[in-house]
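Trainee: Below is one structure. I have some questions about it.
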Amino acid sequence: MAQVPIAAGLFTIAPGAPQLVGSRCTDCGEVTFPVQQGCPSCTGSATEEIPLARRGRLWTYTIQRFPPPVPPFKGDPESFTPFGVGYVELDQGLRVEARLTESDPEQLAIGMDMELVLEKFLDAENGDEVVTFAFRPVA
Ligand SMILES: [Zn+2]
């Protein structure tokens, strides 16, 4: 069984140390996620891919309590369980929208330290495990 990312180019899956892949404008230094070919800040077209920080702080969050519409949601609505979703502010200055491993609002607080992990999203028909990224509170 292999782990495969839910989409190409979003993140790397090194064991224990996954990283999101972003882009940095070589003209003004603006960092974006996901990778963009053009800079949203200065409209320059010179960007380079960079690994993003694995840690950040929870900027805001909510709890998704019902299945999103299908499509675009690819999961099984029958087996849906609530999950947290939020924005995590990375040291590089950008905010990344992501699933959270924690779905109990009592365990979440704005400003808390978070780190990037991989989560199983679903089993592919060929037996591979499709993974997506999420942030979890740093113990
Ligand atoms: Zn720029």
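What follows draws every value from the coordinates through simple rules; no lab data is involved. This one's a predicted model, so the numbers in the text were calculated from it and none came from an experiment. Neighbour counts are summed over all protein chains in view; Cβ atoms, including those assigned to glycine, are modelled from backbone coordinates with ideal geometry.
Trainee: Can you name every residue in the range 14-33 that is within 17 Å of the chain's Cα centre (by Cα) and surrounded by 15 or more Cβ atoms within 10 Å (Cβ to Cβ)? Walk me through it before giving the result.
Mentor: Filtering the range 14-33 for residues within 17 Å of the chain's Cα centre (by Cα) gives 14-23, 31-33.
Across the range 14-33, the qualifying residues are Pro18, Gln19, Leu20, Val21, Gly22, Ser23, Val31, Thr32, Phe33.
Trainee: Which one is nearest to Pro105 (Cα to Cα) among residues in the range 49-75 that are of a type in the set (A, V, I, L, M, F, W, C) and in a loop (DSSP other than H, G, I, E, B)?
Mentor: Selected residue: Phe66.
Trainee: Restricting attention to the range 26-44, report how many residues are more than 9 Å from the ligand (Cβ to nearest atom), of a type outside the set (Val, Ile, Thr) and over 12 Å from Leu94 (Cα atoms).
Mentor: Within the range 26-44, the first condition is being more than 9 Å from the ligand (Cβ to nearest atom), and the residues that meet it are 31-37.
From what's left, of a type outside the set (Val, Ile, Thr): 33-34, 36-37.
Keeping just the survivors that are over 12 Å from Leu94 (Cα atoms) gives 36-37.
Going through the range 26-44 one residue at a time, the tally reaches 2.
Trainee: For Gln92, only one of the following conditions fails: (1) within 16 Å of Phe135 (Cβ to Cβ); (2) away from the ligand (no atom under 16 Å from the Cβ). What is its number?
Mentor: Just one mismatch for Gln92, condition (2).
Trainee: Checking Glu106 against (1) touching a strand residue (DSSP E or B) at 6+ places or on another chain (Cβ under 9 Å); (2) closer than 21 Å to Val138 by Cβ; (3) more than 16 Å from the ligand (Cβ to nearest atom), only one condition comes out false. Which one?
Mentor: (1)
Trainee: Hey, can you tell me all the residues within the range 45-76 that are more than 16 Å from Phe133 (Cα to Cα) and either within 16 Å of the ligand (Cβ to nearest atom) or free of Cβ contacts under 8 Å to residues at least 12 places away in the same chain (or both)?
Mentor: Ser45, Ala46, Thr47, Glu48, Glu49, Ile50, Pro68, Pro69, Val70, Pro71, Pro72
Trainee: Right, here's the next one. Go through (1) among the aliphatic types (A, V, I, L, M); (2) within 12 Å of the chain's Cα centre (by Cα); (3) surrounded by 19 or more Cβ atoms within 10 Å (Cβ to Cβ) one by one and return the number of the condition Leu58 breaks.
Mentor: For Leu58, the failing item is (2).
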